[in-house]
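The values are calculated or read from the model by the stated rules, or taken from the named source; none is laboratory data. Only a predicted model underlies this, so the values are computations on that prediction, with no experimental measurement involved. We place every Cβ from the backbone using ideal geometry, glycine too, and count neighbours over all the protein chains shown. Remember, those area values only see protein heavy atoms, side chains included, never the ligands or the DNA or RNA. Shrake-Rupley method; radii C 1.70, N 1.55, O 1.52, S 1.80 Å.
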Amino acid sequence: MREEQAEPSRIVVLISGSGSNMQAIAQACKNPENDANIVAVISNRPGVAGLDRAEEFGIPAQTLDHTTFATREEFDINLIRAIDEHSPDLVVLAGFMRILTPDFVRRYKGRLLNIHPSLLPKYKGLHTHKRALEAGDKEHGVTVHFVSEDLDGGPNIIQAVVPVLDDDNEKSLQSRVQIQEHIIYPIAVKWFTEGRLSMLKGDAYFDNVALPETGLQLTH
Ligand code: NHR
Ligand code: GAR
């Protein structure tokens, strides 16, 4: 049980860009009711804004540039090495844009989370807002899920539904979805660090009850 652990949970966050989700989680960790800390932020892209944001929070930030490695496998081996130096309880993908190898996913299985800007299982992969608009969807949203070896296919934890407005474009829709991202990701991280969330045989459990396919769904 988490309560018996003396030390706060250790979180490593992987980013590729602006790091606003990382910031939302870092902000939540400052709340005394959260017994967790982001102990490192790692970006696969040099010079991104998320690295500066991390430093503003006093969080050590480092870059592991994937373009300096010959293969995906080699990058992932070095990424594992960098992550494990921080002995994390939880690894969080927050706008991390590199597909991870099965070996990487297996290493952190059950303690690896991702946020994906769609109502998974709809729109796995990239350009989700554009695809939802082009399909004429009335609802779009965002999902926090456990990462499995199946890309964007691990079990859902929480999903927030966002209405698509008649005059929405990719940018306006994305910014309304992001507001929900910054709400649901800290919740999922808190559940995990409290020991209330687990993955078992491809299903997500909250307080030992299997979550529905959608995950816990927040609607507007
Ligand atoms: N890795 C595994 N194994 N499983 C998942 O579910 C993962 C993952 C790595 C990242 C995030 C995911 C998303 O939420 C994520 C989930 C990037 C791509 C992609 O195609 C796809 C899904 C996600 C992130 N990346 C290109 C690649 O070749 C590069 C694109 C770029 O650099 O802009 O890796 O959407
Ligand atoms: C977020 O909107 C997240 O949903 C999306 O990237 C953004 C990162 O923003 N993730 C993906 O598209 C994953 N393929 P952030 O760096 O400000 O957190």
Work out, step by step, the length gained on full extension between Lys30 and Asp167: first 0.36 nm times the residue separation, then minus their alpha carbon distance; give nm to one decimal. 45.6 nm
Residue with peak Gaussian network fluctuation, the chain [Cα springs, cutoff 10 Å], from Met199, Met97, Met22: Met97
How far, in nm, would the chain grow between Thr219 and Asp65 when pulled straight, counting 0.36 nm per residue and subtracting the alpha carbon separation? 51.6 nm
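Run the accessible area of region 31-71 with a 1.4 Å probe and give the carbon-and-sulfur part as a rounded percent. Don't skip to the end; give the middle numbers.
Numbers: 1020 of 2200 Å².
Carbon with sulfur: 47 percent of the solvent-accessible area.
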Using only Cα atoms, locate the centre of region 103-152 and the centre of region 162-184, then give the distance between them in Å, rounded to an integer. 15
Write down the accessible area per residue of the chain in Å², having rolled a 1.4 Å probe over the full set of protein chains. 50
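Would you mind calculating the relative contact order of the chain from Cα pairs under 8 angstrom and at least 6 residues apart, reporting the percent as a whole number? List each step's numbers first, then the result.
Details: 421 pairs, mean separation 41.7, N = 220.
Result for the chain is 19 percent.
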Over region 108-152, what is the relative contact order in whole percent, taking alpha-carbon pairs under 8 Å and six or more residues apart? 56
Please compute the net charge surrounding Ala210, taking Lys and Arg as +1 and Asp and Glu as -1 over other residues with Cβ under 11 Å from its Cβ. -2
With the label point 7 Å along the Cα-to-beta-carbon line of Glu139 and a cut-off under 12 Å to each amide N, the hits in region 150-181 are 159-164
Could you give the nm distance between label points at Ile99 and His86, where each point is 7 Å from its Cα heading toward the beta carbon? 2.5
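Could you work out how much longer the chain between Asp207 and Lys109 gets when fully extended? Use 0.36 nm per residue separation minus the Cα distance between them, nm to one decimal. Mind showing how you got there, number by number?
On the way: separation 98, 0.36 × 98 = 35.28 nm, distance 1.86 nm.
Result for the pair: 33.4 nm of gain on full extension.
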Coil-residue chymotrypsin sites (Phe, Trp or Tyr not before Pro) of region 151-220, DSSP, other Cβ within 10 Å capped at 15: none
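Which of rounded, prolate, oblate describes region 34-100, given a ≥ b ≥ c as roots of the alpha-carbon gyration tensor eigenvalues and a/c under 1.5 marking rounded, otherwise prolate only if a/b is larger than b/c?
Numbers: a/c = 2.08, a/b = 1.39, b/c = 1.49.
Cα axes put region 34-100 in the oblate bin.
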Given a cut-off of under 8 Å on Cα pairs at least six residues apart, what relative contact order in percent is computed for region 20-84? 26
